[in-house]
1. Straight-line reach from K551: which lysines have a Cα under 23 Å away, not including same-chain ones fewer than 8 places off?
2. When the dipole is taken about the Cα centre of the chain, and only Lys, Arg (+1) and Asp, Glu (-1) are charged at their Cβ, what size is it in debye, to the nearest 20?
3. Can you give the % of DSSP beta bridges in the range 311-438 that are antiparallel, to the nearest 5?
4. How would you rank 199-209, 345-355, highest first, on the average number of other Cβ atoms within 10 Å across their residues?
5. In degrees between 0 and 90, to the nearest 10, how far off the longest principal axis of the chain does helix 632-655 point, with axes built from Cα atoms?
6. What percent do you get for the relative contact order of the chain when only Cα pairs under 8 Å and 6+ apart count?
7. Just going by the charge dipole of the chain, with Lys and Arg at +1 and Asp and Glu at -1 on Cβ, which of T537, I174, G431 is farthest out on the positive end?
8. Before I look further, what does the chain give for accessible area per residue, probe 1.4 Å, in whole square angstrom?
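The values are calculated or read from the model by the stated rules, or taken from the named source; none is laboratory data. Note that the structure is predicted; figures quoted are calculated from it, not measured. Ideal geometry is used to build each Cβ from the backbone, glycine not excepted, and the neighbour counts take in all protein chains shown. Heavy atoms of the whole protein, side chains included, go into the accessibility calculation; ligands, DNA and RNA do not. Shrake-Rupley method; radii C 1.70, N 1.55, O 1.52, S 1.80 Å.
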Amino acid sequence: MKKLKLALAGVCGLALAQATMAQSGAAPQGARAVEAALDAGISSADQLEWLKAMASAPNHVGSPHDKANADFMLAKFKEWGWDAHIETFQVLYPTPISTTVEMVAPEKITLGGQEPAVAGDDTSGNTAGALPPYVAFQGDGDVTADLVYVNYGMPDDYKALARRGIDVKGKIVIARYGVGWRGLKPKLAQDHGAIGCIIYSDPADDGYNDSDVYPKGGARPADGVQRGSVADMPLYPGDPLTPGVGATAGAKRLTREQAQTILKIPVLPMSYRDATKLLERLGGPVSPEPWHGALPLTYHMGGDGTVKVHLAVKSDWSLKPVYDVIAMLKGSEHPDEWVLRGNHHDGWVFGASDPLSGNVAMMSEAKALGALWASGWRPKRTIVYASWDAEEPMLLGSTEWAEQHAAELQAKAVIYINTDGNGRGFLSAEGSHDFQHLVNGVAADVIDPETGATVAQRLRAKVRVGAFDKTGRPNEATLAAAEKGGDMPIGPLGSGSDYSAYLQHLGLPSLNIGYGGEDESGGVYHSVYDSFHHMTTFDDPGLKYGAALSKTVGRLVLRVADADTPPMRFGDFADTVATYLAEVKKLAEDRRAEDRTRAKLTADDAFRLASDPLKPVGAPAAEATTPHFELAALEDAVDHLKTAAAAYDSAYADKGGQLAPAARAKLNVQLRDIDQLLLDARGLPGRPWYKNLVYAPGRFTGYGAKTLPGVREAIEERRFDDANVYAGRTAKVLEDYAARLTAATATLTGK
């Protein structure tokens, strides 16, 4: 404590009187002293202690340990000087009463069950309070049917099945994890008439094809099972019974039958040890080469009745309590402007990597910020930290809190900064591109704990070497930035973590930050083996990168909270949107060329002639040629956005440091909700909860982002009328954004 107080001597006065943060992305001199004090308060030893305790017992929603962890964090936040409380919601969260999966033909073999303990992992045998391997929000049922292998279970896989005369109607499908989001696999199976679905982990994707298996290495062992949610999240996240409103005790709820995000067919996950027993007996055509995993067998497609499976799931569909821990440090100058920062604390079992590695990093930040507060420092804006519950089932805790407080958040929130699981390796950042330059400024100031370089330098080196070795595939802009030492582009946000409600429903600028790429957490993802032992052996020994994450996100929080005007650079956003438009135009042209080629090949009978007569593959289904779209208004809007952004950035660089208080107050009002202008109240086609017309999760990617989604997905899915409609709607929100920037520029210049 004495050391920290000495480091802070004279800092508080500097912090309260620091100069305006310029658009360099770097911190002003006074703020650098505050950030040094932040670093001094961050401890990997603290994180190890908290992680071991919090990952010592099962943490699923409704478990005693999940509540104990929430209470533990509440006490810590209060100890560190935060104004903290727990906010509770009542959500639908099904838990299994019974699960059955067995092969009944050509022989009877019982499959499934809890993962066995492994030597050296103390918690892997502590499963008395754990739920068995299952997936949430599947549809209960008891079915017996022939089995069909559908590869990753994505739309193109069903087209390949159809070309070989295989129909999944009335059958049970088995799909491997990967490529698309988990929930899309049973949803597409259901849409194609299947009556059940099994999802297994193939070692080609996260097992011995990558590394030695656990416990020798970090990869998924033969008995490891990936749990997860299969709710139809691309429709809306959160409690299935209360879309759009907080799931408080008295909330009006849909019935289960009315809830569109709950599936209708039974679904279970499976280890590759069990999957082998099914796949090695499967008959039917040999699958295409891209369908082959790493199991020592020939991958057949089934559908010929050789393998029959019995699948049954019965669940408890009661409401369960969700405990969100909310903590606040009140701002000294702008108490009604909030900097939000969150991570979740629930897991499928122990959850050491996902999510607790990120959660304890967030706690380190909170402890360090509390020490700053105790020494007299005050942030200009209010800082709100949240440890969400029930993220794993379908972003329940964060979404319900966002929906409950929607009006207040849209009036006050400046940014939402998210983390989730963390590991060794390279900085990863995705989010709103008006904050891209800020992220790069922070990356230039945080030291990689294993190389001594900055995390920005290390990331640029990875891109350059990957391009040379052909182990990575950076686009031209990313490679050019890496080679020239410029800002590295950040990616867009889809879904799969707690930022979704804030960015895509409320229109709040958001960032998702983490380290990884050299860890092996993917091998135990959502399994019993995501444990303290695995995390500290294979993912981040000593939690060095946990400390790096705290220093990274802590700086982001401080630089937004203490800036005279939030550090946004709009040229990055405008240039990124222009790139997205170019991608959409190329997509349309590529589709037109593909349509013409397919029609010509069909007319020439080429598909039949090229097919092996003993292994026939039919022609793809005929489809109408992709037309030209009405993109002129969207092209004009992007041009106007680029012009307005360039003018604002130039004016701020010239005038931003000398603004009179009244002008700065006006400017901050103009910018605080500018990203909400990207919302259209009507939402996206068929899923109105998602209102952001620049960033959304894909309908057939789930986690993966779709940019300019109203237009892009309409072209991909051949909803050509929607493409024209959403080109116009997207143009409108971009024009409004450009107009707001022009007004902000006038505030800066006084013209």
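1. Once the sequence-local lysines are set aside, what remains near K551 is K2, K3, K5, K52, K76, K78, K330, K367, K380, K462.
2. It works out to roughly 820 debye.
3. Of the beta bridges lying entirely in the range 311-438, close to 30 percent run antiparallel.
4. So the order, starting with the most tightly packed, is 345-355, 199-209.
5. The angle comes out at about 30 degrees.
6. 17
7. The residue sitting most towards the positive pole is G431.
8. With all protein chains present, the chain gives 36 Å² per residue.
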